[in-house]
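Asker: Once you've had a glance at the structure underneath, I'll fire off some questions.
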Amino acid sequence: MNKALIAGTLLLFLNIPAWNQQNNSAPLKFSLSQAQDYAVTNSYTTRNSKLDLESARKKVLETTAIGLPQFTIGANYQHLFNIPTFSIPTTGITQSKLTGTTITDLEQKGIITQVPVFGGDASQYYVKTPGIPLGSPNNTTFNFTLSELIFSGEYIVGLQASRTFKQLSEQAYAKTTLTTKEQVADSYFLLLILRENFSILSDNLKNMNSTLSDITRMKEKGFVEQTDVDQIGITVKNLETTLNSLKGQIDVTGKLLKFQMGIDFEQPIELTDSLAGIISQTNTMLFAGAQFNVDNSIDYQLMKTNEGLSALSLKREKSKYLPTFSAFYQHQEQSNPAAFNFMMKDVLGVTMSFPIFTSGSRIAKVSQAKMDLEKNRNNLDLTRQSLIMDFEKSKNDYLTSWANSNTNKQSYELAKRVYEKTLIKYKQGMASSLDLTQSNTQLLTAESNYYTSLLNLLNAKSKLERILSDN
């Protein structure tokens, strides 16, 4: 029983790499909305934008911390080769007070010294005392400093600017999200259309190959000329060339979609939404009555926030005219303090900085900030008008694309019926190979026009959805 269990366990572990490999090669399935949501979370652009947002939030904390209490510890080691001393002489003596020796002997031994006193006895001597050292050969000083910013106009404005910058990063992340969704939708639509076009052309190629085989046999029996065979052969070669080109476009578009979604190129994906299903959800009433509020546009909000940053920049330059106050407390300790030490262990103080004269640099900076603010206000008005025009143009493009796609669809269906009838007539000998080739060319042209207009319609739809996403 135990042997069987061990064998089963080993077999399971031996199969794990193969299972993982099989699991990794399984295609990931995405609808359009799922692909967009996946891209918002995993694409390189949105991930970097999210990091910028997190960095802006940390910047607010960093700026806030400048005005909060700061505590620092420092250490300073010193080695003195020569230590200065300080001596204090005793009361004076004279020769009459000495017995058994002379002043000269004591002076030569360095016990006493003569100190002249202005207006006094020049023969008065003083006894030398041992010098007091004014330091230590090796000493380490430790500093403990606590500081607090009391008032700074530049700090107050800087704190407001950091919060506004965080708001700008949030808006930039929202814009990146909308742009990523639009890009994913465009690639998703293009890939569906290319695959649909490839499928239709493949069927067309099969029919033409079948026709080529039939006409080749008819030529062998003498019913048709070689020219008829050559014309059908040219059509077959053109279809093969077109299909090879479509294969390359499908491969590149698939990789582009994976890149936009943040998926490895080797990972296969499957699109679960069909082209017909997406088209059925598209109609002229979807955006025909849509109203655009430019104040809710993320692009307009970004420009408005930039204007706010310019206003704060001007306010910051003006705040430099104000004084700055800060307080501090410092405590010092020495590892080997000298016997005669003047160091103050505890110090409490307040500092003030008030720039008086800067040779006009502050006035120049204020003037520059005013001009930057005026430029941003002009850009804000320009953005408002540009966004309104962009909406109107996109709405018109959508309605035009809708009409064109319907017209081209009818032309495509008509060309398809003409081709099918011409093919039947050709097989019955009632139409020439030239007629068949021309009808096939008309079909391919109508098909290309239809899918091009369809792609324009879907792209216009995704753009309008992005523009109206905040309205």
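Asker: Report yes if some residue within region 307-315 is in contact (Cβ under 8 Å) with a residue 60 or more places away in the chain, more than 30 Å from residue 156 (Cα to Cα) and out of contact with any Asp or Glu (no Cβ under 9 Å at 6 or more places or on another chain); otherwise report no. Give the steps one after another, and end with the answer.
Answerer: Looking only at region 307-315, we keep the residues that are in contact (Cβ under 8 Å) with a residue 60 or more places away in the chain, and these are 307-313, 315.
Imposing the further condition that a residue be more than 30 Å from residue 156 (Cα to Cα) reduces the set to none.
The answer is no, given that none of the residues of region 307-315 is in contact (Cβ under 8 Å) with a residue 60 or more places away in the chain, more than 30 Å from residue 156 (Cα to Cα) and out of contact with any Asp or Glu (no Cβ under 9 Å at 6 or more places or on another chain).
Asker: Can you tell me which of 241, 211, 235, 227 is surrounded by fewer than 14 Cβ atoms within 10 Å (Cβ to Cβ) and in contact (Cβ under 8 Å) with a residue 60 or more places away in the chain? Before the answer, list the steps.
Answerer: Details: 241 fails: in contact (Cβ under 8 Å) with a residue 60 or more places away in the chain; 211 fails: surrounded by fewer than 14 Cβ atoms within 10 Å (Cβ to Cβ); 235 fails: surrounded by fewer than 14 Cβ atoms within 10 Å (Cβ to Cβ).
On inspection, the qualifying residue turns out to be 227.
Asker: For region 184-214, enumerate the residues that are aromatic (Phe, Trp, Tyr) and within 13 Å of residue 458 (Cα to Cα).
Answerer: Narrowing region 184-214 to residues aromatic (Phe, Trp, Tyr): 188-189, 198.
Of everything in region 184-214, those that are aromatic (Phe, Trp, Tyr) and within 13 Å of residue 458 (Cα to Cα) turn out to be 188, 189.
Asker: If a residue counts only when it is modelled with pLDDT under 95 and farther than 30 Å from residue 173 by Cα, which helices (runs of 4 or more DSSP H) contained entirely in region 1-73 have at least 1 such residues? Even if it seems obvious, please write down each step before you answer.
Answerer: Numbers: elements: 2-25, 32-42, 44-66.
Counting at least 1 such residues, we get 2-25.
Asker: Out of contact with any helix residue (DSSP H, G or I) (no Cβ under 9 Å at 6 or more places or on another chain), in a helix (DSSP H, G or I) and in the same structural domain as residue 159 (by TED's automatic domain parsing): is that true of residue 277 in this structure?
Answerer: Working: out of contact with any helix residue (DSSP H, G or I) (no Cβ under 9 Å at 6 or more places or on another chain): yes; in a helix (DSSP H, G or I): yes; in the same structural domain as residue 159 (by TED's automatic domain parsing): yes.
The answer is yes for residue 277.
Asker: Here are 304, 345: which of them is of a type in the set (Lys, Arg) and touching a residue at least 40 places away in the same chain (Cβ under 8 Å)? Show your work before the answer.
Answerer: Working: 345 fails: touching a residue at least 40 places away in the same chain (Cβ under 8 Å).
The conditions single out 304.
Asker: Counting only residues that are under 30 Å from residue 389 (Cβ atoms) and either outside the structural domain of residue 393 (by TED's automatic domain parsing) or of a type in the set (Ser, Thr, Tyr) (or both), which one in region 444-463 is surrounded by the fewest Cβ atoms within 10 Å (Cβ to Cβ)? Quick ask: steps written out before the conclusion?
Answerer: From region 444-463, those under 30 Å from residue 389 (Cβ atoms) are 449-463; that's our starting set.
Narrowing further to those that are either outside the structural domain of residue 393 (by TED's automatic domain parsing) or of a type in the set (Ser, Thr, Tyr) (or both): 450-453, 462.
Details: 450: 23, 451: 21, 452: 16, 453: 22, 462: 21.
Top of the filtered list is 452.
Asker: Here is a further query. Hey, does region 214-224 have a residue that's within 21 Å of residue 419 (Cα to Cα) and either in contact with a Pro (Cβ under 6 Å, 6 or more places away or on another chain) or loosely packed, with under 13 Cβ neighbours inside 10 Å (or both)?
Answerer: Here is the first cut: in region 214-224, the residues within 21 Å of residue 419 (Cα to Cα) are 214-216, 218, 224.
Right, trim to either in contact with a Pro (Cβ under 6 Å, 6 or more places away or on another chain) or loosely packed, with under 13 Cβ neighbours inside 10 Å (or both) and you get none.
Looking for residues that are within 21 Å of residue 419 (Cα to Cα) and either in contact with a Pro (Cβ under 6 Å, 6 or more places away or on another chain) or loosely packed, with under 13 Cβ neighbours inside 10 Å (or both), one finds none in region 214-224, hence no.
Asker: Turning to a different aspect of this structure: Would you check if there is a residue in region 291-299 being over 32 Å from the mean Cα position of the chain (by Cα), small (Gly, Ala, Ser) and either closer than 30 Å to residue 189 by Cα or not assigned by TED's automatic domain parsing to the domain that holds residue 403 (or both)? Write out each step before concluding.
Answerer: Of all residues in region 291-299, those over 32 Å from the mean Cα position of the chain (by Cα) come to none.
No; the residues of region 291-299 include none that is over 32 Å from the mean Cα position of the chain (by Cα), small (Gly, Ala, Ser) and either closer than 30 Å to residue 189 by Cα or not assigned by TED's automatic domain parsing to the domain that holds residue 403 (or both).
Asker: Please enumerate the residues belonging to region 335-354 that are outside any loop (DSSP other than H, G, I, E, B) and either in contact with a Pro (Cβ under 6 Å, 6 or more places away or on another chain) or aromatic (Phe, Trp, Tyr) (or both). Working first, answer last.
Answerer: Within region 335-354, the subset outside any loop (DSSP other than H, G, I, E, B) is 346-353.
Residue satisfying the conditions is 352 alone.
Asker: Next question. When region 207-224 is examined, which residues are found to be at pLDDT 85 or above and outside any helix (DSSP H, G or I)?
Answerer: Result: no residue meets the conditions.
Asker: Run down 146, 159, 134 and say which single residue is in contact with a helix residue (DSSP H, G or I) (Cβ under 8 Å, 6 or more places away or on another chain) and in contact (Cβ under 8 Å) with a residue 24 or more places away in the chain. Lay out the reasoning, then the answer.
Answerer: Working: 146 fails: in contact with a helix residue (DSSP H, G or I) (Cβ under 8 Å, 6 or more places away or on another chain); 134 fails: in contact with a helix residue (DSSP H, G or I) (Cβ under 8 Å, 6 or more places away or on another chain).
None of the others qualify; the one that does is 159.
Asker: Something else about it: Quick one: in region 248-286, of everything that is hydroxyl-bearing (Ser, Thr, Tyr) and farther than 15 Å from residue 30 by Cβ, which residue is surrounded by the most Cβ atoms within 10 Å (Cβ to Cβ)?
Answerer: Filtering region 248-286 for residues hydroxyl-bearing (Ser, Thr, Tyr) gives 253, 272, 274, 280, 282, 284.
With the extra rule that they be farther than 15 Å from residue 30 by Cβ, the set shrinks to 280, 282, 284.
On the way: 280: 9, 282: 17, 284: 12.
Per the stated criteria, the residue is 282.
Asker: Any idea which of 282, 253, 305 is outside any helix (DSSP H, G or I) and either out of contact with any Pro (no Cβ under 8 Å at 6 or more places or on another chain) or among the charged types (D, E, K, R) (or both)?
Answerer: On the way: 253 fails: outside any helix (DSSP H, G or I); 305 fails: outside any helix (DSSP H, G or I).
Criteria check complete, one pass: 282.
Asker: Restricting to region 430-443, what's the tally of residues that are surrounded by fewer than 19 Cβ atoms within 10 Å (Cβ to Cβ) and part of a helix (DSSP H, G or I)?
Answerer: Here is the first cut: in region 430-443, the residues surrounded by fewer than 19 Cβ atoms within 10 Å (Cβ to Cβ) are 430-432, 434-435, 438, 441-442.
Applying the additional criterion that residues be part of a helix (DSSP H, G or I) yields 434-435, 438, 441-442.
The qualifying residues number 5.
Asker: Continuing with this model, one more query. For residue 292, only one of the following conditions fails: (1) assigned to a helix (DSSP H, G or I); (2) within 30 Å of residue 386 (Cβ to Cβ). What is its number?
Answerer: Residue 292 satisfies every listed condition except (1).
The values are calculated or read from the model by the stated rules, or taken from the named source; none is laboratory data. Because the structure is predicted, anything quoted here is derived from the model rather than measured. As a convention, Cβ positions derive from the backbone with ideal geometry for all residues, glycine included, and neighbour counts pool all protein chains shown.
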